[in-house]
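Following: one structure in structure tokens, then a few remarks.
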Amino acid sequence: MAAALFCAAEWSLTRYSDSPPPAAVRCGRLGVALTVLGAVLHLVSLVLRGVAAHRVPWANMYEYLSSFGLVVVVAWLYVVWRHELRRLSLFVLLPLALLLFLAGNQLYVEVAPVQPALRSYWIAIHVAAALMASGVFLLSGVISGLHLWASYRPVRRLPLIDHLDQVAYRTGTIGFVTLTFAIITGAVWAEAAWGRYWGWDPKETVAFVSWVCYAAYLHARATAGWRGKPAAWVNVVGMLAVLFNLFFVNLVVSGLHSYASAD
């Protein structure tokens, strides 16, 4: 949360994208330093929970959201390092801080053995891929949302639209490849656990819808006439599908994956 506040200070102090004042630069650097520190402490907490439970630390909804938060932060730090988008950290870190606060206060459960349905080495492969895809898709969707904001209402503090579009496309491509791997490994695990590769369980169905949305985004991004705002809208829809799968399907809908909500 402190990192988000310093990033908010940088955003508010910056008026021109080409020459931010020294105070804004200092706030931005401090925000990144606090984000790195928070990521390290977050990783330590997940490792300790895994050691205490003698399993991977993403076997229930609380642990999944905690791991999801770490993936988002690490992926964002990489984006900041490679693409100089530090000024946009506010739009990633503040919602993520609120999400982790919700997870810690409303979804927390004590360490317990994993459910029988999850006692497989596939949990370390399939769920890790799903975590990575979800985190990267969130970043891609947020960046496309900022792209749309800059398209309809130009803001000088935002990077150039073409730059935002390029970063959203690159992160979306990584997420699509990872999601494809997650779906394939999930099907293999389902055949071993339930005797079928695919059963149109609610989570499987929404995951497939998300995959179609991102396949459409990548196709639109490479198609003349669909680049820019139309493709960005498709990317935002894909992000909403991922969030719907993450929250509504896990917490509200009953299915074979309902065990994800608790130990």
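Quick notes
- Contact map, region 137-161: residues that are in a loop (DSSP other than H, G, I, E, B) and crowded, with 18+ Cβ neighbours inside 10 Å paired with residues that are modelled with pLDDT under 90 and not aliphatic (A, V, I, L, M), Cβ distance under 7 Å, separation 6+ or inter-chain. Pairs shown: Pro159/Ser17.
- Residue match in region 178-196 (condition: free of Cβ contacts under 8 Å to residues at least 60 places away in the same chain and of a type in the set (Lys, Arg)): yes
- Scope region 148-162; condition within 18 Å of Leu138 (Cα to Cα) and touching a helix residue (DSSP H, G or I) at 6+ places or on another chain (Cβ under 7 Å); matching residues: Leu148
Each row is one residue, and each column tells you yes or no for (1) closer than 26 Å to Trp194 by Cβ; (2) modelled with pLDDT under 80; (3) surrounded by 16 or more Cβ atoms within 10 Å (Cβ to Cβ); (4) in contact with a Lys or Arg (Cβ under 9 Å, 6 or more places away or on another chain).
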position	(1), (2), (3), (4)
Ala207	yes, no, yes, no
Ser210	yes, no, yes, no
Arg221	no, no, yes, yes
Gly225	no, yes, no, no
Trp233	no, no, yes, no
Phe247	yes, no, no, no
Leu251	yes, yes, no, no
Ala262	yes, yes, no, no
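- The residue that is farthest from the chain's Cα centre (by Cα), counting only those in region 34-68 that are small (Gly, Ala, Ser) and over 23 Å from Trp122 (Cβ atoms), is Ser45.
- Selection of region 112-131 for residues being touching a residue at least 40 places away in the same chain (Cβ under 8 Å) and out of contact with any Leu (no Cβ under 9 Å at 6 or more places or on another chain) yields Ala112, Pro113, Val114, Gln115, Leu118, Ser120, Trp122, Ile123, Ala124, Ile125, His126, Ala128.
- Tyr108 satisfies every condition listed in (1) in a loop (DSSP other than H, G, I, E, B); (2) crowded, with 18+ Cβ neighbours inside 10 Å except (2).
- Test: Leu100 is part of a helix (DSSP H, G or I), out of contact with any Lys or Arg (no Cβ under 8 Å at 6 or more places or on another chain) and of a type in the set (A, V, I, L, M): yes
- Subset tally (residues that are in contact with a Ser or Thr (Cβ under 6 Å, 6 or more places away or on another chain) and outside any helix (DSSP H, G or I)) for region 113-136: 1
- Condition broken by Glu63, with the remaining ones in (1) acidic (Asp, Glu); (2) in a helix (DSSP H, G or I); (3) more than 28 Å from Val188 (Cα to Cα) satisfied: (3)
- Among the residues of region 213-229, the one identified as more than 20 Å from Leu139 (Cβ to Cβ) and either touching a residue at least 40 places away in the same chain (Cβ under 8 Å) or assigned to a helix (DSSP H, G or I) (or both) is His219.
- Filter pass, Tyr78 being of a type in the set (Phe, Trp, Tyr), within 30 Å of Tyr197 (Cα to Cα) and surrounded by fewer than 17 Cβ atoms within 10 Å (Cβ to Cβ): no
The values are calculated or read from the model by the stated rules, or taken from the named source; none is laboratory data. Keep in mind the model is a prediction, meaning the values are calculated, not measured. We place every Cβ from the backbone using ideal geometry, glycine too, and count neighbours over all the protein chains shown.
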